[in-house]
Amino acid sequence: MTSSSLATASATEETQPSRQRAWVEVNTAAIQANVRALRRHIGPATQLMAVVKADAYGHGALAVARASLEAGAGCFGVATLGEGVQLRRAGISAPVLVLGNLTQPEELRSCLRWQLMPTLSSMREALLCQNLASGSGRPMTVQLKLDTGMARLGADWQEGPRLVAALQGMEAIELAGVYSHLACADAAPGEDDGLNALQQQRFESVLTSLAEQGLAAGCRHLANSAATLRGHRQHYDLVRVGLALYGQPPAAHLAGVVPLRPALQIHARVTLLRQVGAGVGVSYGHRFRTSRPSRLAVVSIGYADGVPRQLSNRMDVLFEGRRLPQVGAITMDQLVIDATDAPGIEVGSMVALLGEQEGETISPLDWSERCGTIPWEILCGFKHRLPRLAVPPDPGAPLPPGPESEP
């Protein structure tokens, strides 16, 4: 075999999903079903923004963006300039709002070039945008964020009317929207100390003042996933949907409000099986010892891939619909499961760390509750050495990379 044919054969083998040691599987049909269900919930008068920041919460931004558009999402939210440019380079032309604060002239110049909407939190950024857009031949489209109680990004809400008036007086600026962000939208009823109502009241007061002065706010939006699911009072012209887009309710009391389908599964393969006796210590520190003769399966995924080490001895995997316990310390590239009660498992068998098999489900919420964190952090934690495989396949996506060469 020539070196050229060998390279071709090697590349073909390495891009076959069956040869991956571990991977993230994203069901784009589930993404589309979630968009459609959410659109039915919000109604035709409200637009849906698909929030695809942080690589679509670990799901793969381009596959999710394409699926969302096909299902009726009208625009996208990203956190960084690079995330917005990635969508544009992929040929996605729908409106994109950069939710993070861009403060440098070169960043805002890139927004103008790639037709991305920056979020403004102060007059400083507004003046930069005005100066950059003047003489360019087209206005810079922006949105104004108001801080109504988050104490993070945004101008003080009381400055809203003055800032809108100033923006509308700038010939090179086009104000496309005014928005704010809720600090406790996912709180159970009666547990937010009235903050949700207070933030909405402040937002409404700005909108009322703008209307009285004849100033157009553009697209008005306040609701994240939790506020979208909670009711219609905070929907306004647009809702910004992140976690719910991926099939995960942002709080237990909001589960079932809209029929959502989890879109992500984490799979890994068994790379070694071993028989050990009772009383054998497993992995670093021997934090687990077998209580019986056991059949242990080594699975090729670890904390370097995004499996929290805090889950050591506190998580299960799914094999043929059965939960199998993980044992011993989770290591950088490997973890061990007790497969004694699963005689069908063998080298090469696939297990699911997150996902559903035969009616049994392990969710990001299961992990986050055991780690003392939130599902958002779990989903965003899966590293990019895990290929993202779109199912059904995304026709515009490149083939996934092959597995690493490991000693």
Count of region 120-138 residues which are in a loop (DSSP other than H, G, I, E, B) and either hydroxyl-bearing (S, T, Y) or modelled with pLDDT of 95 or more (or both): 4
Candidates M49, M1, filtered to the one that is at pLDDT 95 or above, farther than 27 Å from V299 by Cβ and aliphatic (A, V, I, L, M): M49
Check on R202, free of Cβ contacts under 8 Å to residues at least 40 places away in the same chain and either part of a helix (DSSP H, G or I) or open to solvent by less than 20 Å² (accessible area, probe 1.4 Å) (or both): no
Top-ranked residue of region 212-249 - restricted to ones that are in contact with a helix residue (DSSP H, G or I) (Cβ under 6 Å, 6 or more places away or on another chain), under 26 Å from W23 (Cβ atoms) and part of a loop (DSSP other than H, G, I, E, B), ranked as most open to solvent (accessible area, probe 1.4 Å): Q248
Among residues of region 45-60, those that are of a type outside the set (D, E), surrounded by fewer than 23 Cβ atoms within 10 Å (Cβ to Cβ) and not in a strand (DSSP E or B), counted: 4
Complete set of residues in region 252-264 that are closer than 30 Å to L389 by Cα and open to solvent by 50 Å² or more (accessible area, probe 1.4 Å): A252, A255, G256, V257, P259, R261, P262
Candidate set from region 101-119 (those that are part of a helix (DSSP H, G or I) and aliphatic (A, V, I, L, M)); member that is most open to solvent (accessible area, probe 1.4 Å): L112
Index of the failed condition, R40 passing every other in (1) more than 17 Å from Q86 (Cβ to Cβ); (2) in contact with a Leu (Cβ under 6 Å, 6 or more places away or on another chain): (2)
Members of region 28-44 found to be in contact (Cβ under 8 Å) with a residue 12 or more places away in the chain and part of a loop (DSSP other than H, G, I, E, B), listed by number: G43
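The values are calculated or read from the model by the stated rules, or taken from the named source; none is laboratory data. Please read all numbers here as calculations on a predicted model, not as lab measurements. Using ideal geometry, Cβ is built from the backbone for each residue, glycine included, and neighbour counts are taken over all protein chains shown. Accessible surface areas use protein heavy atoms only, side chains included; no ligands, DNA or RNA. Shrake-Rupley method; radii C 1.70, N 1.55, O 1.52, S 1.80 Å.
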